[in-house]
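Below: one structure, written as C-alpha cells.
Just so it is clear, none of the values below were taken in a lab; they were calculated from the coordinates. All values reported here derive from a predicted model rather than from experimental measurement. Heads up, the Cβs are rebuilt from the backbone with ideal geometry, glycines too, and the neighbour counts pull from every protein chain shown.
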C-alpha cells in the first residue's frame, strides 16, 4: 500500500476557471491509497512548495501527484521540493490538467471529469514508480566547435577565455566564414573585415584554441561529457612552418580557376591564399585543380619555392579526440539564384546575387570597391535591388522570411548611393522588415535622406534589352504595372542551411526543421540547446540571423558548454530505457529506431546494450521492441496499462 | 515408479498436435513406459463417456489441443479440467485461439452464410446451414452448437501449463516428456503458468546475420524475390518475418527454409498483443524515404503490399489480441 499525496493547483484562473477544483478534491479524496489531498492557488510558488514539503513529512507520504501544468514547466520544481522533503524525487509525478485540460476545454462539467481521470491515471502511475538515483558521468574538459564563421569564432574565443581547451574545426582553408566576404555591415556601416579580423587573429594565437582548417568532422560517437570525435585534417600540400608567404608560387602556377572568396568574380590559381588576412595565414593547393599532385606533370611551384615548403606527398591526417561538449556553428548558404528562372541569372550577366554585390562593394574585392557591372565594367547609372528573391514564395521557392535580406538590400542601395552619388537605386519590396536595434532608422535614412527609391511590389520578369536590363513588375500600392530599364540588378536572396549543417545534423542525429535548419531544444527558452545533451547550436545553423544575434548566440552556446566543462562529473536523469535480457532475442530493431544512437550490439556478449549516458528516455525503442523487452524506467508496460485503464474506466 | 494417468482431449483442431506427439518417434516408447492413457480418442478407441466416468482428479495430466469452437468443445474442456490435477494447453489453438479464432473478426455476414452459401465452390441452392437439431421420421438428431467465437482454452477453464506451436515442435514435446518424467519420479512440477518454450524471441536461435541497419524499403513476398540471401536476416530483405516478436523454441524451422516466421509460438511473456507489437516494429523499420513528405495514398501503397494483414500478423493469436477483446467486449454490451 502506498501513501499518496495529491496537490491540485488552481494556477490562478488558468485551471480553476474551467475546472471545479472543489469537486476534484472531493472525488480524489476517496481514491484508494490517497492519504492526503489539498489545493493551492499556485503550487509552483514558494508557499505552494512549502505546502508540498510539509505534507510529505506530516502525513508520511511516499508518493506525490502534483496536478498542475506540463512536466516541461515544473517537473524539476516539484522534484527538487520532494527531494528537499527527504523523499526520492522520482516518486513525484505531475498530472497535466492545464495544457491538456483546462486550456483546451470550455464546458466545466466535462473538464472537471477529465481532470479527475487525469489525476487518477497519474496516481496509478506514481504508485508503480520506483525510487531512482541520478547517475554520474565523467566530463572531458574540452570543447569542440564545428564551423569557423563568426559564430564559431566567438564561441571558441569565449570558451578559451574561460580557461578551457577548444578545438575549432573549419572546412575551408581559413576561418572567417561568410562575414569575411561582406563589405560593410548594417546598420552602422562599419567594415566587416575590420571588425572580424581582430577576432580571427585572436583565435589564431589563443593558447587554448587548436585550429584545424581544411578539416572535416567525420564521425561523432559517445555522449555528453565524452564525445569521441574523428576529424579528417586534409593535406594543404604546403608546409605551414616553412612557408614565408612570399607569393612566388602563385605567379608561376598555370592553373586558373574561379575564386570562391570573390564568389567567382575573379580568377585564382590552384595554389592560393583565400585572402590576405586569412587565418591561418598559409597557402594551400587545391588538389582538385592542381596538376602537380602528380609532380611529373607540373611542379612549377615546387621549383620556385625557396624554403621548400611544398610537399605533394602530404597525406590526410585522422585526428581522434574526446570532448565534453560540442557547438555546431556550421552556418548557411545563400538560396541558389539559378533556381529563380524569371530573373535570368546566368543568361543576363548583370543580374547578380547579394553576395556578389558585397564583393563588388568590398575594398579588397575584384573592383577595389568601385561599383562596376560584370558585363562591361561600366559604372551603373541605376541599380535595382529585388527583396525576397526566392523567399516568401511557398509555391515556388522558400516559404519563409530570411530576416536579414531587407536590411542588406537597404545597405546595398545606401552604399551604392554613397559611391555613385547621382545614380538611381530602386528597391522592390514586399514589406520592409526592420526589426532590430537602429534598423528602422537605417531604413528611414536610406529612403528619406539619401534618396533610395522603394517600390512596393514584386518584379515578375527581367529581360536583357540591348545593354540594359528591362525590369517588369507591379507597384502594389498604386496597382500599376511598372516597366523600367536599369544597368544592374541585385537579388536579395534568402538563407538555406549549409551543406555542413546538413552533414553534421546527420552525423550527430540532430533533429532538424522541415527547412533543414537544426531544431532548438525549445524555440524560446532553449534557443542554443539541441535535443542532444551536450550539443549546442549557434548562428545561422539553426535559422536565418543577423550578426549581432549570431554573436549573442555564440556566447550563449559557449556559456552553456562551459557549465558542462566546469565540473569533473555531471548528473544524468535515470529515466532511461532498460533491456530485459531474459526475453530479448537480439533482433536489432531498437538500434535502428534510436534517434540518439544510444543502443548498440555487443558482439562478444551477443546482447543489446543501452549506453546510459546517451539515452534521453524518449521511449521510441520501447514502443518498437517486438518482444516487449525494453521498458522505460518508471514507465513500464504495467504502469502504462494501469494509467490507461484509469483514464478509460467506465462510469 | 507409479505411472502417470494421462488424458489427451481435443476441441476444434486439425489433429496436427496428435501427429506431432507421434513425431517423437522412438521416444514415444518412453512415453508409453511413463503414462497410462486414460483418454486419447484420436489414437485409441475412447469415447467421451470414458472421460466422464473417471473419478474427479483421477487424471494426473490432462492435455487439451484445439480451440473452443463448439459448445461440445467447451463441455469437454470442462470435463477434462474436473478430472485432471494439471491441465496443459497444447498447441497454438488451445494457447491463443489459433487459426480458427481468425473467424472472430466481426464480419457483416454471419460465418455460416460465408461458409455455406457464398463460397464459390458451394452448391447449396436451398441455403441449408447446420442446425443443432433436426427431426427425421419422428427421431430427433442433434449436433453441438457453434459458439459465437472461437476462443483459447483459458476462456473456459483454468490452465496450469502452456505448450505453444502449430503444432508444438518435437524439441518442445521432448521437454514436456522430461517434465512428466520428473513428475512421475518426484511428484514435482514447474510453477503454474510456465510456458514450455524459450523465453527469448526467435532471432536468438535463427542464426541469420543482422546488418547494421536493419531497415527496409518495401514489403515483398518471398515469391517475388529473385534470390533470398540465406544468411541475411529476412526483414532487411523486405520479407515479413514474425520472428522478432515470436517466442523461440522451434529451432527456427521456417527461417532456415527461407520462409519468414509465421508466429505460431506466440509472443513473449512481456507482450499482450502479438500482432500489434510486430506491426509497431515493422513500421519503425520501414525506411520510406521521408515519411512526412509522402501523401496518404503513397503510404497506403507501401502498406497495401502486405498480403492479408490480419492473417499475417495475427495468424495464430487473434483470439488473444487486444482488438478481439475490444470488439468482443463491445458486443457483450
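What does segment A:336-496 give for Rg and for Dmax, in Å, if only its C-alpha atoms count?
14.6, 43
Does segment A:236-312 come out rounded, prolate or oblate, given a ≥ b ≥ c as the square roots of the eigenvalues of its C-alpha gyration tensor, rounded meaning a/c under 1.5 and, failing that, prolate meaning a/b above b/c?
The shape class here is oblate.
Within segment A:495-528, whose backbone N sits under 12 Å from a point 7 Å along Cα→Cβ of residue A:221?
none
Full-extension gain between residue A:33 and residue A:376, please, as 0.36 nm times their residue separation minus the C-alpha to C-alpha distance.
Gain on extension, residue A:33 to residue A:376, equals 114.8 nm.
What FRET efficiency comes out for the pair residue B:213/residue A:300, r = Cβ-Cβ distance, R0 = 60 Å, nearest 0.05?
0.80
Between residue A:239 and residue A:289, what length in nm is gained on full extension when 0.36 nm per residue of separation is reduced by their alpha carbon distance?
Between residue A:239 and residue A:289, full extension yields an extra 16.1 nm.
If you rank B:278, A:314, B:257, B:242 by fewest surrounding Cβ atoms within 10 Å, what's the result?
Ordered from fewest to most neighbouring Cβ atoms within 10 Å, B:278, A:314, B:257, B:242 come out as B:257, A:314, B:278, B:242.
How much space per residue, in cubic angstrom, does the convex hull of the C-alpha atoms of segment B:90-247 take up?
226
If I take R0 = 25 Å and measure r between the Cβ atoms of residue B:225 and residue B:283 in this structure, what FRET efficiency does the formula 1/(1 + (r/R0)^6) give, to the nearest 0.05?
E between residue B:225 and residue B:283, to the nearest 0.05, is 0.75.
Taking the Cα-to-Cβ direction at residue B:272 and at residue A:650 and moving 7 Å from each Cα, how far apart do the two end points lie in nm?
1.6
Do you know the relative contact order of segment A:336-496, to the nearest whole percent, from alpha carbon pairs under 8 angstrom that are 6+ apart?
Rounded, it is 29 percent for segment A:336-496.
Quick one: work out the % antiparallel among DSSP beta bridges in chain B, nearest 5.
Percentage antiparallel, nearest 5: 30.
What FRET efficiency comes out for the pair residue B:299/residue A:162, r = Cβ-Cβ distance, R0 = 45 Å, nearest 0.05?
0.35
Which of A:530, A:486 has the fewest other C-beta atoms within 10 Å, and how do the rest follow up to the most?
So the residues, fewest neighbours to most, are A:486, A:530.
Percent relative contact order of chain A, based on C-alpha pairs within less than 8 angstrom and at least six residues apart?
Answer for chain A is 13 percent.
Quick one: what Rg and Dmax do you get for segment A:573-633 from the alpha carbons, in Å?
Reported Rg and Dmax, both Å: 10.2, 29.
Can you compute the label reach from residue A:506? Point 7 Å from Cα along the Cβ direction, backbone N cut-off under 14 Å, restricted to segment A:203-218.
A:217-218
Could you state, as a whole-number percent, how many of the C-alpha pairs of segment A:271-311 are farther apart than 14 Å?
Value for segment A:271-311 (Cα pairs over 14 Å): 51 percent.
When Rg is the radius of gyration of the Cα atoms in segment A:171-308 and Rh is its Kirkwood radius, what does Rg/Rh come to?
Rg divided by Rh gives 1.01.
Rounded to the nearest 500, what is the protein assembly as shown's calculated 222 nm mean residue ellipticity when only DSSP H runs of at least 4 contribute -39500 (n - 2.57) each, over all residues?
Helix-only estimate at 222 nm: -8000 deg cm²/dmol.
Under 11 Å from a label point 7 Å along Cα→Cβ of residue A:607: give me every residue in segment A:567-585 with its amide N that close.
A:579-584
Which shape class applies to segment A:437-525: rounded if a/c is under 1.5, otherwise prolate when a/b exceeds b/c and oblate if not, where a ≥ b ≥ c are the square roots of the Cα gyration tensor eigenvalues?
It is prolate, given that a/c is not under 1.5 and a/b is the larger ratio.
If you average the sequence gap of Cα pairs under 8 Å that are 6 or more apart and divide by the length of chain B, what percent do you get for the contact order?
Taking the mean separation of contacting Cα pairs over the length of chain B, I get 18 percent.
What ranking of A:247, B:60, A:286 emerges when the number of other C-beta atoms within 10 Å of each C-beta is taken as an exposure proxy, fewest first?
So the residues, fewest neighbours to most, are A:247, A:286, B:60.
Once a ≥ b ≥ c are taken as the square roots of the eigenvalues of the Cα gyration tensor of segment A:297-413, is the result rounded (a/c under 1.5), prolate (a/b larger than b/c) or oblate (a/b not larger than b/c)?
oblate
How much of the DSSP beta bridge set in segment A:336-496 is antiparallel, as a percent to the nearest 5?
Taking every DSSP beta bridge within segment A:336-496, about 40 percent pair in antiparallel fashion.
Can you tell me what share of the DSSP beta bridges in the protein assembly as shown is antiparallel? A percent to the nearest 5 is fine.
Here the share of antiparallel DSSP bridges comes out near 45 percent.
If you average 1/r over all unlike Cα pairs in chain A and invert the result, what Kirkwood radius do you get in angstrom?
Computed over Cα pairs of chain A, the Kirkwood hydrodynamic radius comes out at 28.7 Å.
May I ask you to give the average projected area over all directions of the convex hull of the Cα atoms of segment B:167-245, in nm² rounded to one decimal?
Mean projected area for segment B:167-245: 7.4 nm², to one decimal.
At what distance in nm do the modelled label points of residue A:349 and residue A:208 sit from each other, each positioned 7 Å from its Cα along Cα→Cβ?
5.2
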